[in-house]
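Trainee: Please find one structure pasted underneath; my questions will follow.
The values are calculated or read from the model by the stated rules, or taken from the named source; none is laboratory data. Since we're looking at a predicted model, the values are computed, not measured. Please note: Cβ atoms are built from the backbone with ideal geometry, for glycine as well, and neighbour counts cover all protein chains shown.
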Amino acid sequence: MFKIDDARREIYKHEILSHRTLLSVENVDLPLTLRNWNNFVREHPSVIHGALSRDLARNLRLFVSSAIGDDGGLRLDMFISGDDSTNVGQLQRLVRFKQREVDHASAFIELKYAMQGLGSLMIRNCFALYLRWEMRIVHLIAGRSVGGYAWARMGWRPTMESWKNLKDQIRVRLETHLLMLTVTERKVIIDAIQSDDPRMIWRLADLNRVINKDGHEEMSIGKVLLLGTAWVGVLNLSEVEGLERLEDYLSSKDLLI
């Protein structure tokens, strides 16, 4: 339960400060915000922000701005900075408590810190909250850089409409690299693009043998097929394989939910 001990505090300026975590809950209407927060979230904001900053490196600082509406939609804007106040990363999550769904609206982590696993850490910390809140689905848009491959490896799958479009892209890549593939590998890919089940993307992402992409760059077949693609994706937390893939990915980074 979220209670304001000192009535003179304005909730949109309410802050809880530790050595790494700064909390701000935004809303100029104190009674409305308290009602919405307690109706949908129940936990004190410090619990949420403590969960998000779990295992954050001591030279980093997390600031989270929160806002909640009448519809139970909680917006979490996360800003990560270094000791010298340099921007390290920004993430936005939209949690819809009534629908039990989450949108990964945006994410940016500086490359240096991404290589050190900061992005994976924040995914782990967010999912710990999603599971606590019994969310059903996590939405995102897999970007055209590594996202089309990486998110599939982590358990996301395209929506039905996105899967139709993605299969057309995969067909072109299959034709380009056909002679580099074994009979078994070709069958896996053909079975996938002939299937209406978007979970078949996981079979493609798991093709790990390294080949030459476009005759010069070496990468796994899964990357050849999916790197640079863009699709609308979902991770359904009731789909065992999707959640297991996420857990396996995080375990490989020594991160457990």
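Trainee: If you go through the range 226-239 one residue at a time, do you hit one that is crowded, with 17+ Cβ neighbours inside 10 Å, in a helix (DSSP H, G or I) and not hydroxyl-bearing (Ser, Thr, Tyr)?
Mentor: Yes, because at least one residue in the range 226-239 is crowded, with 17+ Cβ neighbours inside 10 Å, in a helix (DSSP H, G or I) and not hydroxyl-bearing (Ser, Thr, Tyr).
Trainee: Let me ask something else. Return the only residue of ARG144, ARG199, ARG171 being within 16 Å of the chain's Cα centre (by Cα) and not hydrophobic (A, V, I, L, M, F, W, C).
Mentor: Working: ARG199 fails: within 16 Å of the chain's Cα centre (by Cα); ARG171 fails: within 16 Å of the chain's Cα centre (by Cα).
Of ARG144, ARG199, ARG171, the one residue that is within 16 Å of the chain's Cα centre (by Cα) and not hydrophobic (A, V, I, L, M, F, W, C) is ARG144.
Listed here are the residues, each with its yes/no results for (1) more than 20 Å from HIS139 (Cα to Cα); (2) in contact with a Ser or Thr (Cβ under 9 Å, 6 or more places away or on another chain).
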{"site": "THR33", "(1), (2)": "yes, no"}
{"site": "SER66", "(1), (2)": "no, yes"}
{"site": "GLN90", "(1), (2)": "no, yes"}
{"site": "VAL95", "(1), (2)": "no, no"}
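Trainee: So GLN169 ticks every box in (1) within 26 Å of ARG75 (Cβ to Cβ); (2) surrounded by 17 or more Cβ atoms within 10 Å (Cβ to Cβ) but one. Which box is left unticked?
Mentor: (1)
Trainee: So for the range 99-118 (the condition being at pLDDT 95 or above and touching a Phe, Trp or Tyr at 6+ places or on another chain (Cβ under 7 Å)), does at least one residue qualify?
Mentor: yes
Trainee: Among (1) acidic (Asp, Glu); (2) part of a helix (DSSP H, G or I); (3) at pLDDT 95 or above, where does ASP196 come up short?
Mentor: Just one mismatch for ASP196, condition (2).
Trainee: Run down GLU175, GLU161 and say which single residue is of a type in the set (Asp, Glu), modelled with pLDDT under 95 and in the same structural domain as ILE201 (by TED's automatic domain parsing).
Mentor: Going through GLU175, GLU161 in turn, the sole match is GLU175.
Trainee: Turning to a different aspect of this structure: Test each condition in (1) touching a residue at least 24 places away in the same chain (Cβ under 8 Å); (2) more than 24 Å from ILE109 (Cα to Cα); (3) out of contact with any Asp or Glu (no Cβ under 7 Å at 6 or more places or on another chain) for VAL172 and report the one that comes out false.
Mentor: Checking VAL172 against (1) touching a residue at least 24 places away in the same chain (Cβ under 8 Å); (2) more than 24 Å from ILE109 (Cα to Cα); (3) out of contact with any Asp or Glu (no Cβ under 7 Å at 6 or more places or on another chain), the one that fails is (1).
Trainee: Among the residues of the range 113-132, how many are of a type outside the set (Gly, Ala, Ser) and buried (at least 18 other Cβ atoms within 10 Å of the Cβ)?
Mentor: Here the count works out to 10.
Trainee: Among what's in the range 225-236 and is at pLDDT 95 or above and aliphatic (A, V, I, L, M), pick the residue that is nearest to SER120 (Cα to Cα).
Mentor: So the residue we want is LEU235.
Trainee: Which one of these is more than 30 Å from GLY69 (Cα to Cα), of a type in the set (D, E, K, R), surrounded by fewer than 20 Cβ atoms within 10 Å (Cβ to Cβ) and in contact with a strand residue (DSSP E or B) (Cβ under 9 Å, 6 or more places away or on another chain): GLU101, GLU110? Show your work before the answer.
Mentor: Working: GLU101 fails: more than 30 Å from GLY69 (Cα to Cα).
Criteria check complete, one pass: GLU110.
Trainee: Here is a check on your reading of the model: is ASP70 outside any helix (DSSP H, G or I) and either modelled with pLDDT under 95 or of a type in the set (Asp, Glu) (or both)?
Mentor: Details: outside any helix (DSSP H, G or I): yes; either modelled with pLDDT under 95 or of a type in the set (Asp, Glu) (or both): yes.
Spelling it out, ASP70 is indeed outside any helix (DSSP H, G or I) and either modelled with pLDDT under 95 or of a type in the set (Asp, Glu) (or both).
Trainee: Could you tell me whether the range 182-190 includes any residue that is in contact with a strand residue (DSSP E or B) (Cβ under 9 Å, 6 or more places away or on another chain) and surrounded by 19 or more Cβ atoms within 10 Å (Cβ to Cβ)?
Mentor: no
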